[in-house]
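What follows is one structure encoded as structure tokens, with my remarks underneath.
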């Protein structure tokens, strides 16, 4: 919808950089009244392994 909120995580080894984008999963129910809101979990929507040697990366 264009209004998604998320965060990035990074991890690295001597050979790879791992980049992931995380956001709310579909169990969340956002409402105007916080008391009525249903809390869900986290979903990883994008995940990439990027080799440090400059070669092409790949999806996780």
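Taken together, the values in this text are just the output of simple stated rules run on the coordinates, not laboratory data. Computed from a predicted model, the values in this text were never measured in an experiment. As a convention, Cβ positions derive from the backbone with ideal geometry for all residues, glycine included, and neighbour counts pool all protein chains shown.
Things to note:
- Residue, farthest from the chain's Cα centre (by Cα), within region 31-60, restricted to residues that are assigned to a loop (DSSP other than H, G, I, E, B) and surrounded by 12 or more Cβ atoms within 10 Å (Cβ to Cβ): 37
- Filter result (in contact with a strand residue (DSSP E or B) (Cβ under 8 Å, 6 or more places away or on another chain) and either loosely packed, with under 12 Cβ neighbours inside 10 Å or in a loop (DSSP other than H, G, I, E, B) (or both)) within region 10-29: 10, 11, 12, 15, 25, 26, 27, 28, 29
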